[in-house]
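Below: the structure, in structure tokens.
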Amino acid sequence: MKYFEWEGAVIEAVAESMAISHSDAAGVVEAQPFYMQQSWGKGMDAQLTAAKVIEVAQEQAEERAIAPAPKQERMLFGDEADAHAFWKDKEFKVFAVDLVQGNGKKRKVIRTMYVRSRTARGAAECAKANDWSASINCAASSRRSPWYSSTPRIARSRLPLGVSGSSASSRALAW
């Protein structure tokens, strides 16, 4: 028996045992090249090979069903990617939370607070709760009050902790 004849017999055995079409069975068999080559090398018959291929295919299908689909994330560039790599294995991270005013093109960052927290949500809540100037800004201004960005970003790791290099009025935080 030649390989292509044996492979055809394996496909037929898979189609019969799984009660699927010939083309679907061919797809199942072609997805397991390692086990097909191993079985051919050992001289196994088509029925045993079909049973092994079906077993492995079902195991892989169960693994795919258990593993959640990867969460789609935005792309990181330059310093932001370095920051994520730096803070990845640390329990507490430093997040930069922006105090923003306005919408769309008129959106303006008024101030940035650096907050140490385990999660981005915790950083946003902490910044909002500990903003001492919120009452001063709201009382002094008749305009709409500023709000905190809902997506804090991880602080860059290249600068000393708590110092922002984005403006001339940067200053160290008092922890």
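Per-structure values
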quantity: Inter-residue pairs, beta-carbon under 7 Å, first assigned by TED's automatic domain parsing to the domain that holds Asp45 and in region 1-22, second of a type in the set (Ser, Thr, Tyr), 6+ apart; calculated: Val10/Thr49; Ala15/Ser21
quantity: Inter-residue pairs, beta-carbon under 6 Å, first assigned by TED's automatic domain parsing to the domain that holds Lys93 and in region 113-126, second surrounded by fewer than 18 Cβ atoms within 10 Å (Cβ to Cβ) and assigned to a helix (DSSP H, G or I), 6+ apart; calculated: Val115/Cys126; Ser117/Cys126
quantity: Enumeration of residues in region 41-53 that are farther than 14 Å from Glu12 by Cα and outside any helix (DSSP H, G or I); calculated: Gly43, Met44
quantity: The one condition in (1) in a loop (DSSP other than H, G, I, E, B); (2) at pLDDT below 90; (3) buried (at least 17 other Cβ atoms within 10 Å of the Cβ) that Pro70 fails to fulfil; calculated: (3)
quantity: Whichever residue in region 114-131 is among the hydrophobic types (A, V, I, L, M, F, W, C) and surrounded by fewer than 19 Cβ atoms within 10 Å (Cβ to Cβ) and, among such residues, is farthest from Val97 (Cα to Cα); calculated: Ala129
quantity: Complete set of residues in region 18-40 that are closer than 14 Å to Val56 by Cα and surrounded by 13 or more Cβ atoms within 10 Å (Cβ to Cβ); calculated: Met18, Ala25, Gly27, Val28, Val29, Ala31, Gln32, Tyr35, Met36, Gln38, Ser39
quantity: Residues (exposed (fewer than 15 other Cβ atoms within 10 Å of the Cβ) and either not in a loop (DSSP other than H, G, I, E, B) or not basic (Lys, Arg) (or both)) located in region 85-95; calculated: Ala85, Asp89, Glu91, Phe92
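Matching residues to (1) part of a helix (DSSP H, G or I); (2) modelled with pLDDT under 80:
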position: Ser39; (1), (2): yes, no
position: Glu55; (1), (2): yes, no
position: Gln60; (1), (2): yes, no
position: Asp79; (1), (2): yes, yes
position: Asp82; (1), (2): yes, yes
position: Val97; (1), (2): no, no
position: Tyr114; (1), (2): no, no
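The values are calculated or read from the model by the stated rules, or taken from the named source; none is laboratory data. Keep in mind that this is a model prediction, so the values were computed, not measured. So basically every Cβ, Gly included, is an ideal-geometry build from the backbone, and we count neighbours across all protein chains shown.
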